[in-house]
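The values are calculated or read from the model by the stated rules, or taken from the named source; none is laboratory data. The structure presented is a predicted model; accordingly, all values stated were derived computationally and were not measured. FYI the Cβ positions are ideal-geometry reconstructions off the backbone, even for glycines, and counts take in every protein chain you see.
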Amino acid sequence: MENDLLFDLGPPTTRRVADLVKEGGVAALTEADHRADAATYQEVRCRSALNHVQGMRYFEWTLNPYRGCTHGCHYCYARRYHAQFELGAGDQFASVILVKTNVVEVLRRELAKPGWTRPVVALGTATDGYQPIEGHYKLTRRSLEALLEHRTPVGVVTKGPMVVRDKDLLAELSCIEGTTVVVSVPCSDEQVAARLEPGVAPPRQRLRAARELLDAGVNAGILMSPIVPGISSKRSLIERTLADAAKAGVSVVGSNVMHLQGGTRDHFLTWLAQQYPELVDGYRRLYAKDYAPAAYCAEVTKLVSAARTKHGPNSRDIRAVRSGRSTSEAYIASDSNS
């Protein structure tokens, strides 16, 4: 009788999913949904929606309705987090997606607590809230509705043009100090983007989405990050990306050189050996540690700064516009390889 009652509890917890995968691999997720995109979607129950983090410059709380991402960006720093669920940082990051079906209900409870002081909540730090499955579940949109009702600012980072669907909510949230939406376009060359970001919409669509958000009154901009050494770090590509953003009438709010940690490092270097074998030796020297040397990053920063100057003033700090911060405090999230 007790065992029968277990079937009434709904989706398993993320911990239970991790145990199942550890015991029997992905095949043990017998109730997962298999869709036409070849990904496996496992519904789960979360115990908390908001995650308190330390060391971030502009936020202390994160919100991720999903774990894993079918965008499948080879450089994504969030790949290493999939190991928490006994899932691989390689193909399983993009093919096994955990869907937190109760995340909005849990979020509403947390936002309603008397001690909630309405700090900025970062959405899209360990997954992309606008990956294609969001069109079905609408967890990101419903989360935005909850944040708006509780007058809580949100910082959204996404590569998904679907973000324009929520421009009504994001425009209202932009009236709350601290709210920003950055669309990630590390490189506007479509061939480069297709290799690095195989499941993402082309850069031109993302630039168009950012422009549409701005036209709707959303505090939006472009994040040119990560810049991938030897692949998207060429002067011509950096200049082209800044020029394309200027042509679209969208501000570039920051850039950063790729860093490689944990499972992300293993996956990326394996992919690099297959796609760009001539770069492997250079990467071993450049990434002897998790981050590229400061001198190298400084050189890339100079290239970006020169391109900014060449292509006009259409590069600003969207946070400074709302809060009065100086432009020297431009928004570049520490974990911006997303």
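The table below gives the values:
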item: Candidate set: region 228-266, residues that are at pLDDT below 95, polar (S, T, N, Q) and in contact with a strand residue (DSSP E or B) (Cβ under 7 Å, 6 or more places away or on another chain); chosen: the one surrounded by the most Cβ atoms within 10 Å (Cβ to Cβ); result: Ser255
item: Single match in Thr270, Thr241 (criterion: polar (S, T, N, Q) and farther than 17 Å from Cys76 by Cβ); result: Thr241
item: For Leu87: the one exception among (1) outside any helix (DSSP H, G or I); (2) of a type in the set (A, V, I, L, M, F, W, C); (3) at pLDDT 90 or above; result: (3)
item: When residues of region 234-258 are limited to those that are part of a loop (DSSP other than H, G, I, E, B) and in contact (Cβ under 8 Å) with a residue 40 or more places away in the chain, the one farthest from Ala210 (Cα to Cα); result: Met258
item: Restricting region 289-338 to residues that are part of a loop (DSSP other than H, G, I, E, B), over 25 Å from the mean Cα position of the chain (by Cα) and under 23 Å from Lys234 (Cα atoms), the residue that is modelled with the lowest pLDDT; result: Pro313
item: Every residue from region 200-227 that is in contact (Cβ under 8 Å) with a residue 12 or more places away in the chain and out of contact with any strand residue (DSSP E or B) (no Cβ under 8 Å at 6 or more places or on another chain); result: Val200, Ala201, Pro202, Pro203, Arg204, Gln205, Arg208, Arg211, Glu212, Ala216, Gly217
item: Check on Gly135, of a type in the set (Gly, Ala, Ser), surrounded by fewer than 19 Cβ atoms within 10 Å (Cβ to Cβ) and within 27 Å of Glu43 (Cβ to Cβ); result: yes
